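Enquirer: Sharing a structure here in structure tokens format.
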């Protein structure tokens, strides 16, 4: 199935009319609350704190301590969390790591991208990331850091908003019309900085520009003083399956450097990775 780039005017009109005649249920209608609570608990343990106690987890998730304890006991039995016997707090177990490794193995992207991302970092000495689009968010599945002391820190496995990151915008721009409209309908366009685009029609206009030029930029839209540029990664089905971004402090990623050096480098790297995944069409 081929991508279906949108025209701005037709997409904007559809944005206001879509949804009036839909009869099928949303996926949220099938949500199992206990499973959702367990996943919320696991996500709470992925923050900056190394460990969290039952009371703190209950506060964060708005759950009774007894419910939290039952969830933790079940997850501990399955290896998803473990308890520090000294503090009695909980942390992630080995099972999430095993799942992450399995995901990387099966998606095949990281094994193909590693040589290319390392070469790109060697060429420009800025941080390079590979991300995929899942559940309306961007997930970093590979990160190659710059050697410079002042850098943009990108965590492997980090989950980022799609509407204000370069990888998110490149992934959204090349999706089908219905998927883009569903995203704009279901996802709040939260302002992270003064530069964040929060108007759906303005975002649609930018998607049109992204499709024409073949890359997307984040001009301090997610973090102040940080700029990024991303290109699409396609596979043998011709679909955009990931995005590759190059990130750095805004003072290093000037408009001139982006235009003359960095965009040509990452466009070329994106083409190389796409060819490795079986994409045989010349990218823009």
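The values are calculated or read from the model by the stated rules, or taken from the named source; none is laboratory data. Note that the structure is predicted; figures quoted are calculated from it, not measured. Cβ coordinates were reconstructed from backbone atoms using ideal geometry, including for glycine residues, and neighbour counts include every protein chain displayed.
Enquirer: Going residue by residue through region 44-53, is there one that turns out to be closer than 19 Å to residue 98 by Cα and either in the same structural domain as residue 157 (by TED's automatic domain parsing) or in contact (Cβ under 8 Å) with a residue 60 or more places away in the chain (or both)? If you could, list the steps in order and put the result at the bottom.
Expert: Taking region 44-53 and keeping what is closer than 19 Å to residue 98 by Cα, we get 44-47, 50.
Imposing the further condition that a residue be either in the same structural domain as residue 157 (by TED's automatic domain parsing) or in contact (Cβ under 8 Å) with a residue 60 or more places away in the chain (or both) reduces the set to 46.
Yes, because at least one residue in region 44-53 is closer than 19 Å to residue 98 by Cα and either in the same structural domain as residue 157 (by TED's automatic domain parsing) or in contact (Cβ under 8 Å) with a residue 60 or more places away in the chain (or both).
Enquirer: Still on this model: Condition (residue is at pLDDT below 95, in a helix (DSSP H, G or I) and either farther than 23 Å from residue 118 by Cα or out of contact with any strand residue (DSSP E or B) (no Cβ under 9 Å at 6 or more places or on another chain) (or both)) applied to region 231-238: is it met by at least one residue?
Expert: For region 231-238, residues at pLDDT below 95, in a helix (DSSP H, G or I) and either farther than 23 Å from residue 118 by Cα or out of contact with any strand residue (DSSP E or B) (no Cβ under 9 Å at 6 or more places or on another chain) (or both): absent.
Enquirer: So, residue 219, is that one surrounded by 14 or more Cβ atoms within 10 Å (Cβ to Cβ) and either over 27 Å from residue 115 (Cβ atoms) or over 21 Å from the mean Cα position of the chain (by Cα) (or both) or not? Talk me through it step by step, then tell me what you get.
Expert: Numbers: surrounded by 14 or more Cβ atoms within 10 Å (Cβ to Cβ): yes; either over 27 Å from residue 115 (Cβ atoms) or over 21 Å from the mean Cα position of the chain (by Cα) (or both): yes.
The answer is yes for residue 219.
Enquirer: Taking residue 41 as meeting all but one of (1) within 23 Å of residue 157 (Cα to Cα); (2) part of a loop (DSSP other than H, G, I, E, B), write down the number of the exception.
Expert: (2)
Enquirer: Which condition number in (1) modelled with pLDDT of 90 or more; (2) under 26 Å from residue 134 (Cα atoms) is the one that residue 28 fails?
Expert: That leaves (1) as the condition not met.
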